[in-house]
Amino acid sequence: MTAIFVAGLTAGLYVANRDMSSPISEALAANSEPLVSPVNARDRDFYAPNSETLAPDEMRLIACGTGMPTARPKQAASCWLLELGNGDKFIFDTGTGSAERIAALQIPYNFLDKVFLSYLHTDHFGDLDALFVGGALAGRQRPLRVWGPSGDTPERGTRYALDHLYKALTWDLDGRKGITDPRGYVPFEVTEFDYKGVNKIIYQENDVTVRTIPAIHALDGPVSFILEWNGLKFVFGGDTYPNKWYAEYAQDADLAIHECFITVPALIDKFKFTPQGALDVGTQVHTSPEAFGKTMSIIKPRMAVAYHFFNDWDTAPDINQRIRTTYDGPLSLSTDYMVWNVTKDDIRVRMAVVEEAVWPPQPSEKPLVPDPSLKVPFSDFIVEGKYDMKDVIQPTYDEINEQYGLDEKQN
Ligand SMILES: [Zn+2]
């Protein structure tokens, strides 16, 4: 036993090199006695952001929001980051609370410039302003491109929503002029497409094709997306009552995301819905777990991904049980930071382990020095409210000027 214990203690040295023919592997193989917890010999079974390069034929999906309009610490609202082995990255939905999940992944913001919105409830685009402004502040030096559906009237379309969101940010954006690199704050580049399009191409670049199909939820307008690349098919379903387009065009997806709502009893017991409201919202406005399962039995994906419910110890078992009355295939009951690595041969599902105290990653391009002449001036009234603090601030100017060979002066 002593020999095995010592071998276990030294295992980390060898396993760190991922050498499966290491002395510890041989030592373990040679002994059939119970092992003394060789903790350092365990292969890592979680995803650490910034630690794995994708293979050229691989895609990685990270759940950045899987919950409800009422975001909570455990689950933001709908948001999915899809990364491809060719370097492309796509964000599907930017639901409330999701911007901090994206930040945790430590991806330079220049690479996060493509957003696809399934529709315009805030649990699917409520953090677009946070991604837009926060991303520009932290290194996105190019426009944010957004694809989203039309509505049955112009006012219910994506272009109207984003034109007005940009206008709503007037104070925010004017207040940043002359202070930061301005290139990321230009208006959204919006591509509004017909929500009635059935398997119509809305994006085709770099060997990636994105098509849309209609979804059925709340009003005309919601859609689902089908992304195909390198022989892999990814489907992201917008909120919907089960619909014929998903049943037809999501067939044989490698990864198929579809909403799966909180059960009706849980909506009543835990969300405090009325029974009448719970029945309507839980089975007619959204897709019930049983209907989610039936949908997946029709399309037969390599992996079915359920979202849009609070995924807790006391709710997940019932969701799972109800799905299993109608579906017995591969299933992920998603929660935030779940990660799927997909190739033609394998689908690996793990959780990401993230650091909460992250800072923005290094920008992929050198930032421009701000041009102070672009600042919007204060009124005389406000300027006259300034205390004279120059004497205590000046040492910071001296320190930085000396360190960087500058000659910056206080206003
Ligand atoms: Zn929703």
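The values are calculated or read from the model by the stated rules, or taken from the named source; none is laboratory data. The shown structure was predicted, so the numbers you read here are calculated from the model rather than taken from an experiment. In this analysis, Cβ positions are derived from the backbone assuming ideal geometry, glycine residues included, and neighbour counts consider all displayed protein chains. These accessible areas exclude ligands, DNA and RNA; they are computed on the full protein's heavy atoms, side chains included. Shrake-Rupley method; radii C 1.70, N 1.55, O 1.52, S 1.80 Å.
Identify all residues within region 69-82 that are at pLDDT 95 or above and open to solvent by 10 Å² or more (accessible area, probe 1.4 Å); write none if there are none.
In the first step, residues of region 69-82 are kept if they are at pLDDT 95 or above; the result is 69, 72-82.
Residues satisfying the conditions are PRO69, ARG72, PRO73, LYS74.
Are any residues in region 168-199 closer than 19 Å to ARG145 by Cα and in contact with a Ser or Thr (Cβ under 8 Å, 6 or more places away or on another chain), and if so, which ones?
Those that are closer than 19 Å to ARG145 by Cα and in contact with a Ser or Thr (Cβ under 8 Å, 6 or more places away or on another chain): VAL190, GLU192, PHE193, ASP194, TYR195.
Would you check which residues across region 279-293 are within 16 Å of the ligand (Cβ to nearest atom) and not β-branched (Val, Ile, Thr) and list them? Lay out the reasoning, then the answer.
Taking region 279-293 as the starting set, the residues that turn out to be within 16 Å of the ligand (Cβ to nearest atom) are 280-289, 291-292.
Across region 279-293, the qualifying residues are ASP280, GLY282, GLN284, HIS286, SER288, PRO289, ALA291, PHE292.
Going through region 367-411 one residue at a time, which ones are open to solvent by less than 80 Å² (accessible area, probe 1.4 Å), among the β-branched types (Val, Ile, Thr) and within 41 Å of the chain's Cα centre (by Cα)?
Residues satisfying the conditions are ILE393, THR396, ILE400.
Answer yes if at least one residue in region 107-115 is part of a helix (DSSP H, G or I) and within 16 Å of the ligand (Cβ to nearest atom), and no otherwise. Talk me through it step by step, then tell me what you get.
Taking region 107-115 and keeping what is part of a helix (DSSP H, G or I), we get 109-111.
Add one more test, that the residue is within 16 Å of the ligand (Cβ to nearest atom), and what stays is none.
Checking region 107-115: not a single residue is part of a helix (DSSP H, G or I) and within 16 Å of the ligand (Cβ to nearest atom).
Within region 83-114, restricting attention to residues that are open to solvent by less than 30 Å² (accessible area, probe 1.4 Å) and of a type in the set (Ser, Thr, Tyr), which residue is nearest to GLU355 (Cα to Cα)?
Looking at the filtered set, the residue picked out is SER98.
Can you pull out every residue in region 220-243 that is touching an Asp or Glu at 6+ places or on another chain (Cβ under 7 Å), within 16 Å of the ligand (Cβ to nearest atom) and among the aliphatic types (A, V, I, L, M)?
none
Note down all Cβ pairs under 6 Å where the first residue falls in region 228-252 and is more than 11 Å from THR295 (Cβ to Cβ), the second is open to solvent by 60 Å² or more (accessible area, probe 1.4 Å) and not in a strand (DSSP E or B), and they're at least six residues apart or on different chains.
ASN230/ASP57
How many residues are within 20 Å of GLN204 (Cβ to Cβ) and either among the basic types (Lys, Arg) or within 15 Å of the chain's Cα centre (by Cα) (or both) if we restrict to region 40-79?
Summing the residues that are within 20 Å of GLN204 (Cβ to Cβ) and either among the basic types (Lys, Arg) or within 15 Å of the chain's Cα centre (by Cα) (or both) in region 40-79 gives 1.
Return the total of residues in region 142-191 being among the acidic types (Asp, Glu), farther than 20 Å from PRO370 by Cβ and touching a residue at least 12 places away in the same chain (Cβ under 8 Å). Write out each step before concluding.
Narrowing region 142-191 to residues among the acidic types (Asp, Glu): 152, 155, 163, 172, 174, 181, 189.
Now drop any that are not farther than 20 Å from PRO370 by Cβ, which leaves 152, 155, 163, 189.
Next, only the ones that are touching a residue at least 12 places away in the same chain (Cβ under 8 Å) stay: 152, 163, 189.
Result for region 142-191: 3.
Which number in (1) loosely packed, with under 15 Cβ neighbours inside 10 Å; (2) away from the ligand (no atom under 16 Å from the Cβ) marks the one condition that GLY197 misses?
Checking GLY197 against (1) loosely packed, with under 15 Cβ neighbours inside 10 Å; (2) away from the ligand (no atom under 16 Å from the Cβ), the one that fails is (1).
Here are the criteria: (1) part of a helix (DSSP H, G or I); (2) within 16 Å of the ligand (Cβ to nearest atom); (3) open to solvent by less than 20 Å² (accessible area, probe 1.4 Å). Tell me which single one MET296 does not satisfy.
Condition (2) is where MET296 drops out.
Looking at (1) β-branched (Val, Ile, Thr); (2) open to solvent by 20 Å² or more (accessible area, probe 1.4 Å); (3) more than 22 Å from PHE225 (Cα to Cα), find the lone condition where VAL190 falls short.
With respect to (1) β-branched (Val, Ile, Thr); (2) open to solvent by 20 Å² or more (accessible area, probe 1.4 Å); (3) more than 22 Å from PHE225 (Cα to Cα), VAL190 is out only on (3).
What are the residues in region 116-140 that are open to solvent by 20 Å² or more (accessible area, probe 1.4 Å) and within 16 Å of the ligand (Cβ to nearest atom), if any?
Within region 116-140, LEU120, HIS121, THR122, PHE125, GLY126, ASP127 qualify.
At least 2 residues that are closer than 25 Å to LEU137 by Cα and not charged (D, E, K, R) in each: list the helices (runs of 4 or more DSSP H) lying fully within region 311-411 that qualify.
Numbers: elements: 316-323, 380-383, 390-404.
Correct list: 390-404.
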